[in-house]
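What follows is a single structure, written as structure tokens, with notes after it.
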Amino acid sequence: MSKLKIAELFYSIQGEGRYMGVPSVFLRTFGCNFKCAGFGMPRGELSKEADEIAEVAHMYNKYEELPLVSTGCDSYASWHPSFKDLSPMLTSDAIAERICEILPFKEWRTEHLVITGGEPLLGWQRAYPDLLNHPKMTGLREITFETNGTQTLTPEFSQYLKDWQWSHKDNYTRELTFSVSAKLPCSGEKWEDAIKPEIVRSYQVIGANVYLKFVIATEQDFADAQRAIEEYRAAGFTGHVYLMPVGGVESVYALNNRAVADIAMKNGLRYSDRLQVPLFKNEWGT
Ligand code: SF4
């Protein structure tokens, strides 16, 4: 039976993108290929917040005890090696059982599953079929992978996802979405590592709904987003584009949400809020 290293598993409301406002189970896998230490920092500088917390990692026994950060990756504990022991390795059986416990009716009805990270498409692709084939997961109709858009799907997983979208048994279609949060230079990651148009295009080829989501703090970020959009379009990407304000904490988020909404309107792009910030203060488990 397959196992997944799970950083968090919780039930909440999706705060971002296409499914904003939809009750969702969040399955956060451990591990990421990036650090995104540039978020919230002056251009060219990197946040040390996650590393400083890591130095005293022994003080924390549970996710809920970890401090929230205002710069860098707000999900740092889902990939930083110092917190790996907070993320248990669970069998697909245990995950499916736990999901049913946290669903309001103890079974899937209209809720949506978000597989997030970290970067959920790293090494875990081989483990998802076991979980999604579990008898307790058959009522699930909608999945979103929240990815940074840099990971190629294996041929086996591509085929599995193509098949998953159509259930011959019950004669209903399922919806598969890739929410691609492409990392611009403000993240601190290099363009050539972060912007992978052909890979994102390949998610569309399997029939999934794919959209791009850019975190914007400044006009320079928007200029970078425009350059990236051109590259994605040139590769054949046809999905929607969302702009989203920077800010894992309310004070930062409130600084630029209106400005980002204005830029989105002016350029005919979609605006995505981060409902988890005003609703839940972006606490762990929300
Ligand atoms: S890709 Fe996402 S999870 Fe990974 S470091 Fe960047 S913001 Fe954090």
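The values are calculated or read from the model by the stated rules, or taken from the named source; none is laboratory data. The shown structure was predicted, so the numbers you read here are calculated from the model rather than taken from an experiment. So basically every Cβ, Gly included, is an ideal-geometry build from the backbone, and we count neighbours across all protein chains shown. These area figures cover heavy atoms from the full protein model, side chains too; ligands, DNA and RNA do not enter into them. Shrake-Rupley method; radii C 1.70, N 1.55, O 1.52, S 1.80 Å.
Brief remarks on what is shown
- Subset of the stretch 21-43 that is at pLDDT 95 or above, part of a loop (DSSP other than H, G, I, E, B) and of a type in the set (A, V, I, L, M) - its residue that is most open to solvent (accessible area, probe 1.4 Å): 22
- Residue list for the stretch 194-212, filter: touching a residue at least 60 places away in the same chain (Cβ under 8 Å) and either surrounded by fewer than 21 Cβ atoms within 10 Å (Cβ to Cβ) or touching a Lys or Arg at 6+ places or on another chain (Cβ under 8 Å) (or both): 194, 209, 211
- Just one of (1) open to solvent by less than 10 Å² (accessible area, probe 1.4 Å); (2) away from the ligand (no atom under 15 Å from the Cβ); (3) out of contact with any helix residue (DSSP H, G or I) (no Cβ under 7 Å at 6 or more places or on another chain) fails for residue 147. It is (2).
- Enumeration of residues in the stretch 85-99 that are within 14 Å of residue 61 (Cβ to Cβ) and in a helix (DSSP H, G or I): 85, 86
- Residue within the stretch 44-51 that is assigned to a helix (DSSP H, G or I), within 14 Å of the ligand (Cβ to nearest atom) and among the acidic types (Asp, Glu) present: yes
- Flag if residue 217 is small (Gly, Ala, Ser), touching a strand residue (DSSP E or B) at 6+ places or on another chain (Cβ under 8 Å) and open to solvent by 40 Å² or more (accessible area, probe 1.4 Å): yes
- Residues of the stretch 106-128 classified as farther than 21 Å from residue 34 by Cα and either of a type in the set (A, V, I, L, M, F, W, C) or buried (at least 18 other Cβ atoms within 10 Å of the Cβ) (or both), total: 6
- Scanning the stretch 96-119 for residues that are hydrophobic (A, V, I, L, M, F, W, C), under 23 Å from residue 31 (Cβ atoms) and away from the ligand (no atom under 16 Å from the Cβ) gives 96, 99, 102, 113.
- Residues that are within 16 Å of the chain's Cα centre (by Cα) and not in a helix (DSSP H, G or I), drawn from the stretch 70-79: 72, 73, 74, 75, 79
- Residue, nearest to residue 213 (Cα to Cα), within the stretch 1-40, restricted to residues that are of a type in the set (Ser, Thr, Tyr) and out of contact with any helix residue (DSSP H, G or I) (no Cβ under 6 Å at 6 or more places or on another chain): 19
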